[in-house]
Amino acid sequence: MGTPRFSFLLKTVLILILVLPFAGCGGGGGGGKSAGAAEEQSTTVTVTGRILDKDHNPIANATVTIESTPVIVQTDRWGEFSAKVETGEHTITITKDNITLYQNTFTAQTGFTAVDLGDLTPNYASGEGNSSGGTSSGSGSGSSSGSSSSNSSSGGSSGGSSSG
């Protein structure tokens, strides 16, 4: 009778030795790297906007520089631009033919996917115009709006809400 009991204990110990090292793996997709990947995604925000002249015509082929990242993009024929930035406060400068048309700051907030700066009109070189404070919109986990803080510009209002 001692032999079957010893055999059972030996099998149990061997199974525990083989299984215990893997017990902390998390299984079912709950591993440590998944959470890190989600955090990385939430630190990148897409900033969009449109630059218009004082008559509200789009300004095509203007250079949009977001200095704190740095990111440089061109506006399309409709004056629209889109760029990916890290979360935090940024300075945006828009130039055309070496003339600064627009300069301001905005905040890309953690947990949001987009910042829509809306329609922007020149506020720098000639002092004419200002930001219309477009309402922000986003997808997935919400959006954030630009908070303007220089010249005569005003920021947009927040739109969307944070959701998983």
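Taking the Cβ of LEU117 as the centre, find all other residues whose Cβ is under 12 Å away and add up their charges (Lys, Arg: +1; Asp, Glu: -1). Walk me through the numbers on the way to the answer.
Numbers: positive: ARG50; negative: GLU80, ASP116, ASP119.
Neighbour charge sum, excluding LEU117 itself: -2.
Along Cα→Cβ, 7 Å out, is where each label goes; now give me the distance between the ones at LYS11 and ASP53 in nm to one decimal.
Output for this residue pair reads 8.7 nm.
Mind listing the long-range amide H neighbours of ALA62? Cut-off is under 5 Å, sequence gap 5 or more, other chains count too, H placed in the peptide plane at 1.01 Å from N.
The list, which skips near neighbours in sequence, is THR75.
Add +1 for every Lys or Arg and -1 for every Asp or Glu among the other residues with Cβ under 11 Å from the Cβ of SER68, and state the total.
Working: positive: none; negative: GLU67, GLU86, GLU89.
Combined, the nearby Lys, Arg, Asp and Glu give -3.
Read the figures in this text as sums done on the coordinates, not as results from a lab. The structure presented is a predicted model; accordingly, all values stated were derived computationally and were not measured. Glycine also receives a Cβ, built like all others from the backbone with ideal geometry; neighbour counts cover every protein chain displayed.
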